[in-house]
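The values are calculated or read from the model by the stated rules, or taken from the named source; none is laboratory data. No experiment lies behind these values; they were computed from the predicted model shown. Every residue, glycine among them, receives a Cβ derived from its backbone with ideal geometry; neighbour counts consider all protein chains shown. What goes into the accessible areas is simple: the full protein's heavy atoms, side chains included, and nothing from ligands, DNA or RNA. Shrake-Rupley method; radii C 1.70, N 1.55, O 1.52, S 1.80 Å.
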Amino acid sequence: MSRFMSEPGRFRTGVNYWSSRSATRMWRNWDPAEVEADFALFEEAGMEVVRVFPIWSEFQPIMAVRAAGSVGSAFCREYRFPGEEPIPDTPAGAAGVDEVMIERFEELCRIAERHHLELVVALLTGHMTFRLYVPPALDGLDLLSDPVALQWESRFLRYFVNRLKHCRAIATWELGNECNFLGVAASPEIAWCWTALMTSTIRAADPDRPVSSGMSSLQLYARSGGAMKSWLISDQAELCDLLSSHPYPLWPAHVNCDPVGTLRPVLYCTMENKLYAGIGGRDCFVEETGTWRRMFSDFAQLGRSLRVLLWNLWQTDGRGLLWWCAFDQDGCDFPPYSWDEAGVEHGCFSVARRYHPTGRVLADFAGFLKSLPFDRLPPAAADAVCILGRDQEHEKVALGSFILAAQAGLSLTFRFAEQQLPEAPVYLLPSMHRKGGLGNRNWRTLLERVEQGATLYVSMDSDANLTRMSEVFGAEVGKRWSEPGNAHYDFGDFTLDLPVPTRFELAGCGAEPWGENGGWVRKLGKGRIILLPFPLEMAALNRADAFRDSGNCDAWKVYREIGSEVLRHRLLRKHAPELFVTEHHFSDGRAAVVLSNISAEPVREMPEIAAGWRVADCRSEAPEAGFQDGTLSLPPDSGAILLLEPVSRG
């Protein structure tokens, strides 16, 4: 099977593609010369991947001709093409597919091959930019469960994949563009069954290519209400070969409260990609991301924010980033672009194929990767496992924990509390709800790992329910109450003022206090347990300025203490919380440290290099970045890689 996006340490850049002038009408207004020029531009920019969208209603344009007295989808007398044209008696006709459209897609594949571009094919593109594109015969049906809809969806996939699998440019088949927007799955079982039918149909036609998910806003566990609450990370990972994330910092209120290019929006993208990969146990790449260009920053800052995001994804083995989207669509006077929706000024190129700053950044980063003396960056080992449970606001908790870990210098992986937990030096139960979602088996496993030398960290949310609290944690609740405003916590060498509506006062019974009222630390075997009587991650995330400037909030210092044993053995120890640092080891004994400055201010500092190592080289695509006389210089929203080698003892 193709290893597309499945090679550890390899990173690809690309775009989501609608043609520069016709956008979603590119198939009906087919112009191969336009596609040729567009793809030549992508090749010039060093891009490797293009995601393309066969509009479902145009590729399978069937209409139902019903007999009198029929109700709903009942008793369709026959199916026809638009204008009541008879469907031809051909394999394409049996699938309700327009052969002209297939020939156009085949031509697009040949153009992509000429320009050395790999294609992600979003098969069932029935949703695009808030509009549905559904074959007329299926309009009004439940596209996720109605047997008539499922029948025609399966026929479409089987024919399309069989007919085009010879095209060498196609790297992966995708279920479609955010198919969880096609309707509301009433239960996770319906979402699972729909996905199982589609993936098995694709694999039966082409077993040699991976099938990717293409969904948006996947959930950790089933939740009631809303279009996407039944679509689970674990289900998509079970049924697909490859996961993709669509993190848009412009939507969540807990993310868009900070400027682009700062910790929240940048690490939100990286966190979601890591969350899907960790929970799903599958390779995952950022398939869509972007922003409202004119509403969040100027052009130059948008380019810088993309630059640091690319660095951040590369150093966390994010596999790739496809920008949404290739071209601006502000000249399109038809739905969905004529509607009152976001989505017309997201391009990294103008309609005239001029580079916007985001396009230039993508090109520069692709060139930088090609200039390195290696083609794959060895993945950094995870220092800590962040465990998320049921009924938490898992995306918020995960983001708060991920930001604090990044500021402290720790690398996280994620697990659901009901999954098997990997070996690790540090375990986090952030903003713990009830029992953290842990059953008895995983709880015993955690305590055993602590006794063997691991650190377990727990921060308590208002409804935390810690079993055998005094025996395990060495502390017990003296009183609990609600109070508006910020709570003050004194950790000795730093203090925190955070919005915590429910307060706990703890008394020690075997644990040592951390500061005046910051937390409690208890030795257990060879390890230790750190307990905070408040939900640090949610509280920091709910404080608007907590991550805006390094001096505003010292919450990250809690994580620095949690990971102190791990950080002590780093090849490079940084000081600035704005620096995201990862460590990578090559098989020949050399190492690399990648640093990204996730802030709007330049960083100059003298990191500590471990004894026995020296910096042999510093590389970056940013001209102002460098390492000289032991000092690292990074301009705003940029990155650098330090190549380290052991000091010769000869």
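Looking across segment 81-100, the residues that are open to solvent by 20 Å² or more (accessible area, probe 1.4 Å), within 16 Å of Pro135 (Cβ to Cβ) and touching a residue at least 24 places away in the same chain (Cβ under 8 Å) come down to Pro82, Ile87, Ala94, Asp98. Within segment 516-537, take every residue that is aliphatic (A, V, I, L, M) and over 12 Å from Leu447 (Cα atoms) and give me the one that is most open to solvent (accessible area, probe 1.4 Å). If we take residues in segment 516-537 being aliphatic (A, V, I, L, M) and over 12 Å from Leu447 (Cα atoms), then Val521 is most open to solvent (accessible area, probe 1.4 Å). Across segment 473-510, the number of residues qualifying as closer than 22 Å to Ala546 by Cα and assigned to a loop (DSSP other than H, G, I, E, B) comes to 9.
When we screen Gly318, Gly261 for residues that are at positive phi, open to solvent by less than 10 Å² (accessible area, probe 1.4 Å), small (Gly, Ala, Ser) and not in a helix (DSSP H, G or I), the only hit is Gly261. Just to be sure, is Gly437 open to solvent by less than 60 Å² (accessible area, probe 1.4 Å), modelled with pLDDT under 95 and at positive phi? Yes, satisfied.
Results for (1) within 28 Å of the chain's Cα centre (by Cα); (2) closer than 26 Å to Arg158 by Cα, shown as yes or no for each residue.
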{"position": "Thr13", "(1), (2)": "yes, no"}
{"position": "Thr24", "(1), (2)": "yes, yes"}
{"position": "Gly46", "(1), (2)": "yes, no"}
{"position": "Pro86", "(1), (2)": "no, yes"}
{"position": "Arg104", "(1), (2)": "no, yes"}
{"position": "Ile111", "(1), (2)": "no, yes"}
{"position": "Glu118", "(1), (2)": "yes, yes"}
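Residues are listed down the side, and each one gets a yes or a no for (1) at pLDDT 95 or above; (2) in contact with a helix residue (DSSP H, G or I) (Cβ under 8 Å, 6 or more places away or on another chain):
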site	(1), (2)
Ile55	yes, no
Ser73	no, yes
Glu85	yes, no
Ala92	yes, yes
Met101	yes, yes
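The listed residues are Val184, Val148, Val134, and the only one of them that is among the β-branched types (Val, Ile, Thr), open to solvent by 70 Å² or more (accessible area, probe 1.4 Å) and not in a strand (DSSP E or B) turns out to be Val184. Scanning segment 446-472 for residues that are assigned to a loop (DSSP other than H, G, I, E, B), surrounded by fewer than 18 Cβ atoms within 10 Å (Cβ to Cβ) and in contact with a strand residue (DSSP E or B) (Cβ under 8 Å, 6 or more places away or on another chain) gives Gln452, Gly453, Ser462. The residues in segment 592-623 that are more than 28 Å from the chain's Cα centre (by Cα), within 27 Å of Ser297 (Cα to Cα) and modelled with pLDDT of 95 or more can be counted, and the count is 1.
Here segment 18-56 is the region considered, the condition is being of a type in the set (D, E, K, R), assigned to a loop (DSSP other than H, G, I, E, B) and within 21 Å of Asp333 (Cα to Cα), and the residue that is most open to solvent (accessible area, probe 1.4 Å) is Arg21.
Taking Phe374 as the residue in question, decide whether it is open to solvent by 10 Å² or more (accessible area, probe 1.4 Å), more than 30 Å from Asp461 (Cβ to Cβ) and either touching an Asp or Glu at 6+ places or on another chain (Cβ under 7 Å) or part of a loop (DSSP other than H, G, I, E, B) (or both). Yes: the conditions hold for Phe374.
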